[in-house]
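Undergrad: Structure in structure tokens, see below.
The values are calculated or read from the model by the stated rules, or taken from the named source; none is laboratory data. Since we're looking at a predicted model, the values are computed, not measured. When we count neighbours, we look across all protein chains shown, and the Cβ atoms used for this are built from the backbone with ideal geometry, even at glycine. Ligands, DNA and RNA are stripped out before the accessible areas are found, and what is left, the full protein with its side chains, is counted by its heavy atoms. Shrake-Rupley method; radii C 1.70, N 1.55, O 1.52, S 1.80 Å.
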Amino acid sequence: MTEIAVARIIGVLLQKGFVQDESHHTMLRLAVNGRKTRIHTWFSHGRRKADDWLLSQIAREMRLSRRELLAFLECAIGGEQYAQLMVERGHVRVE
């Protein structure tokens, strides 16, 4: 079973091009060229650790496989690489 601290995940996402929107949850949305995209994920404020189930949900929301998500979090996939991957897969349009 894999567990990763939610604070660490949020930190990595913020470093790699996501912007934070506060509401009743912590919402993180990918921004490319200064524009917010439809790719987002969110966390409950009380959640401290992400277990296997939550990691799978985050991967789905980020349009990644679980293996790709773990590589993203371990910095094997950079922010620019991720944005380019989303463009190639048709999830993000760059104008």
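Undergrad: Does VAL87 qualify as being assigned to a helix (DSSP H, G or I), among the β-branched types (Val, Ile, Thr) and either modelled with pLDDT of 95 or more or exposed (fewer than 15 other Cβ atoms within 10 Å of the Cβ) (or both)?
TA: Yes.
Undergrad: Report every pair of residues separated by at least 6 positions or lying on different chains whose Cβ atoms are under 9 Å apart, first residue within the stretch 42-55 and under 10 Å from GLU3 (Cα atoms), second surrounded by 11 or more Cβ atoms within 10 Å (Cβ to Cβ) and among the acidic types (Asp, Glu).
TA: LYS49/GLU3; ALA50/GLU3; ASP51/GLU3; ASP52/GLU3; LEU55/GLU3
Undergrad: Another one. Does ARG63 satisfy being modelled with pLDDT of 95 or more and in contact with a helix residue (DSSP H, G or I) (Cβ under 9 Å, 6 or more places away or on another chain)?
TA: So ARG63 passes the test.
Undergrad: Which of the residues spanning the stretch 16-37 are in contact (Cβ under 8 Å) with a residue 40 or more places away in the chain and of a type in the set (D, E, K, R)?
TA: The answer is LYS16, and nothing else.
Undergrad: Taking interchain pairs and intrachain pairs at least six residues apart, which have beta carbon atoms under 8 angstrom, with the first residue in the stretch 71-82 and more than 14 Å from PHE18 (Cβ to Cβ) and the second open to solvent by less than 70 Å² (accessible area, probe 1.4 Å)?
TA: Note: pairs meeting the criteria are ALA71/ILE77; CYS75/VAL12.
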